[in-house]
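Working notes, structure below.
Each value in this text was obtained by applying a stated rule to the coordinates, not by laboratory testing. The structure presented is a predicted model; accordingly, all values stated were derived computationally and were not measured. Don't worry about glycine lacking a Cβ; one is built from the backbone with ideal geometry, like all the others, and counts go over all protein chains shown.
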Amino acid sequence: MPVLHSAGRSGAAYGGRGVAQIGTELEFRYEQELEDGVARYLDGPFVHNATTPFRGSAKIIANTARGGPRSGKWTQPDLTLVAIQKLAFLKRIELELFSFELKRAGDSDVDSVFEAVAHTRWTHYAYLAWHQPSSVHIPSEKKKDVESNCRAHGIGLIVFADPLLAASYDILLAPMRKSPHPVDVEDYLEKRLKAADLAALKSRVHELESSLR
């Protein structure tokens, strides 16, 4: 999936609805307007960044913001990255799940951190991805509160000015690895991934398993 660049774009380049042009950046009125851009970032710069914990022979990036049963508050990360690891020496395939909670500039606060913490019941690494365009003033105290709570709870923190501009992303904090029970991981994948994403994941795992024989 290519990374798109933002130079010279208008609001129409984002699909129109819910987007307001402010100077050279865009302010989003709806959180879901961020999803495609962040997914593109994850598919390229994020997984190729040596400072991230991603270690995969293959991957699946799924939009998990909607759909599936609601099993309580804070049960649906916006995006999920599944790292498929081929361990040739040990002759097995391992999965590591990364969850991403997306927040618009004015919507993120300490509760957003605890939302990401809740996702670690099912995922190994949890991130808060916070849109911070220069056109929106975010109090420095709020930024400090969010960052300190992310650090205290082992949540990764990504900030970005433009979801479609890879250079605008900054990984401020790396997450601590959690250890969800394998049954919970499988349950999450079955319930949260769309049928096409789940089929693609199973197919890729099967291919890698076959190559180990």
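Compute and list, largest first, the equivalent-ellipsoid semi-axes of the range 11-211 from the alpha carbon gyration tensor, each √(5λ) rounded to a whole angstrom. Could the numbers behind the result be given before it?
Numbers: eigenvalues 166, 68, 53 Å².
Its equivalent ellipsoid spans semi-axes of 29, 18, 16 Å.
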Run the dipole for the range 11-211 about the Cα centre, Lys and Arg Cβ at +1, Asp and Glu Cβ at -1, nothing else charged, and hand back the magnitude in debye, nearest 20.
-> 500 debye
Karplus couplings for the range 47-59 from phi (6.51 cos²θ - 1.76 cosθ + 1.60, θ = phi - 60°), rounded to Hz, Gly and Pro as x?
-> 6, 9, 7, 5, 8, 8, x, 5, 9, x, 7, 7, 8
At what distance in nm do the modelled label points of residue 110 and residue 51 sit from each other, each positioned 7 Å from its Cα along Cα→Cβ?
-> 2.7 nm
In nm, spacing of pseudo-spin labels at residue 148 and residue 191 (7 Å Cα→C-beta vector) = 3.4 nm
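Given the peptides 109-117, 87-95, arrange them by the average over their residues of other C-beta atoms within 10 Å, most packed first.
With the highest mean Cβ count within 10 Å placed first, the list reads 109-117, 87-95.
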